[in-house]
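Participant: Supplied in structure tokens, the structure appears directly below.
The values are calculated or read from the model by the stated rules, or taken from the named source; none is laboratory data. In this text the structure is predicted, and so the values were computed from the model without any measurement. We place every Cβ from the backbone using ideal geometry, glycine too, and count neighbours over all the protein chains shown. Just so you know, the surface numbers come from the protein's heavy atoms only, side chains and all, with ligands and any DNA or RNA stripped out. Shrake-Rupley method; radii C 1.70, N 1.55, O 1.52, S 1.80 Å.
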Amino acid sequence: MRRLPALTALTALVATFALTACTDASTDSSASPTDGGSSAASFDPSTIAKDETIAAMLPADVVEAGLLTVGTNATYAPAEFIGDDGKTIVGYDVDLAKAVGAVLGLDVEVTNADFASIIPAIGSKYDIGVSGFTITPERLSEVNMVSYFRAGEAFAVAQGNPKDVDPTDVCGLSIAVQTGTVEDEALDGLMADCEAAGKPDITPLRYASQADVTTNLVGGKADVMYADSQVVAYAVTQTGGQIEQLGDIFADSLHGIAIAKDDTALAQAVQAAVQKLIDDSDYTTILDAWGNASGAVTTAELNPVVS
């Protein structure tokens with residue numbers, strides 16, 4: 001999750017498998033044998049028909065341009081990251097942006113940018129921003145936001161949970177995290193809780209890359225992996241089911257597409273396009289391809305109330 005405009009993205013699990021868990025971390029573009037080493041097939045926007053009614057909601061300047069410009073920070077797999085060819089931006093956010101463009105009858109141009117620079121450039125350089133933006137009151141004061149995904153944090157264990165780990169009590173276990181993430185910081189709190197309760201200590205296993213976190217869970221060095229829910233879901237897919245999510249997602253929040261605050265027409269058109277994709281199941285097809293159907297929402301809200 002990316003909570004604040006000043007935060008930069010984290011990085012990679014598979015051939016740029018990026019983990020951004022709400023804060024800064026270093027980028028690792030390597031892939032390990034357990035990563036799978038490949039990206040999901042790119043979405044084909046030609047499968048989505050233009051909706052004339054929704055397209056008629058677009059402001060005249062966008063219609064005239066015939067193009068939807070999208071800002072993203074391609075370091076957050078499986079939402080947006082650089083694919084196997086080393087140059088193409090792929091991920092479920094990218095596929096969703098292409099699908100929205102198809103509904104609106106627009107070509108889509110996705111540009112890789114520094115994360116913190118995207119929202120300030122909405123309405124000038126970019127028509128929309130799609131980059132795992134957590135919807136916050138601060139962001140809603142700056143831009144319109146259309147909700148499209150719910151994400152949080154999650155634990156993962158080896159397939160079948162052979163050590164019978166209880167997600168409500170991880171004391172005495174070895175827990176792997178990527179350094180610099182929210183989960184890395186939260187792990188300190190879990191360790192303190194175990195100590196205060198007089199329970200066995202947690203053994204922290206901190207790695208610079210998410211690839212190493214996943215590899216050490218698969219290899220048995222770590223009992224538990226702690227990461228963003230999208231990263232866990234993608235890791236399950238990329239490891240061929242050698243790991244599984246443990247328990248429910250927690251500390252979850254909505255992600256949103258950012259549109260200029262003064263561009264109500266475009267915001268309403270994007271909301272209608274996302275809702276149509278949800279209703280027609282094209283949305284879940286996109287998320288399924290990236291192993292993240294669990295983050296699906298049923299309603300695309302414009303500027304939802306959040307705390």
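Participant: Kirkwood hydrodynamic radius (Cα pairs, Å) of the range 244-292?
Facilitator: Value: 13.2 Å, from the Cα pair sum.
Participant: While we're on this one: Report the paramagnetic label zone for Ala65: residues of the range 80-114 whose backbone N is under 19 Å from a point 7 Å from Cα along the Cα-to-Cβ axis.
Facilitator: 94-114
Participant: With each pseudo-label sitting 7 Å past Cα toward Cβ, what's the Thr168-Ala265 distance in nm, one decimal?
Facilitator: About 5.4 nm separates the two model spin labels.
Participant: Here's another thing I want to ask about it. Could you order peptides 95-103, 163-171, 298-306, 141-149 by the average number of other Cβ atoms within 10 Å of their residues, highest first?
Facilitator: Order by mean packing, descending: 95-103, 141-149, 298-306, 163-171.
Participant: Computed over the Cα atoms of the chain, what is the convex hull's projected area averaged over all directions, in nm²?
Facilitator: 14.8 nm²
Participant: By how many nm would the segment from Ala197 to Ala56 grow when fully extended, if each residue of separation counts as 0.36 nm and the alpha-carbon distance is taken off?
Facilitator: So the extension gain works out to 44.7 nm.
Participant: Per 0.36 nm of contour for each residue apart, how much would the distance between Val297 and Asp114 grow if the chain were fully extended, relative to their Cα-Cα spacing?
Facilitator: 63.2 nm
Participant: What percentage of all Cα-Cα pairs in the range 47-136 are separated by more than 21 Å?
Facilitator: 31 percent
Participant: Okay, moving on. Among bridges DSSP assigns within the chain, what percent are antiparallel (round to 5)?
Facilitator: 60 percent
Participant: Might you tell me the accessible area per residue for the range 174-307, computed with a 1.4 Å probe and given in Å²?
Facilitator: 39 Å²
Participant: Given a 1.4 Å probe and every protein chain left where it sits, what share in percent of the accessible area of the range 241-307 is carbon and sulfur?
Facilitator: 45 percent
Participant: For a quick protection proxy, order the peptides 46-57, 199-210 by their average other-Cβ count within 10 Å, most packed first.
Facilitator: Highest to lowest by the protection proxy: 199-210, 46-57.
Participant: Hey, another quick one. Using C-alpha positions alone, give me the convex hull volume of the range 139-290 per residue in cubic angstrom.
Facilitator: Dividing the Cα hull volume of the range 139-290 by its residues yields 128 Å³.
Participant: Go through Val170, Val236, Leu190 and say which Cα lies farthest out towards the positive end of the charge dipole of the range 165-245; charges sit on Cβ, +1 for Lys and Arg, -1 for Asp and Glu.
Facilitator: Of Val170, Val236, Leu190, it is Val236.
Participant: Here's something else I'd like to know. Listed highest first by mean packing, meaning other Cβ atoms within 10 Å per residue, what order do 271-277, 75-81, 106-112 come in?
Facilitator: The most tightly packed comes first, giving 75-81, 271-277, 106-112.
Participant: Within the set of other residues whose C-beta is less than 14 Å from the C-beta of Lys50, count the net charge using Lys and Arg as +1 and Asp and Glu as -1.
Facilitator: -3
Participant: Something else now. Quick check on the range 124-236: of the DSSP beta bridges with both residues there, what percent are antiparallel, nearest 5%?
Facilitator: For the range 124-236, the DSSP antiparallel bridge percentage is about 40.
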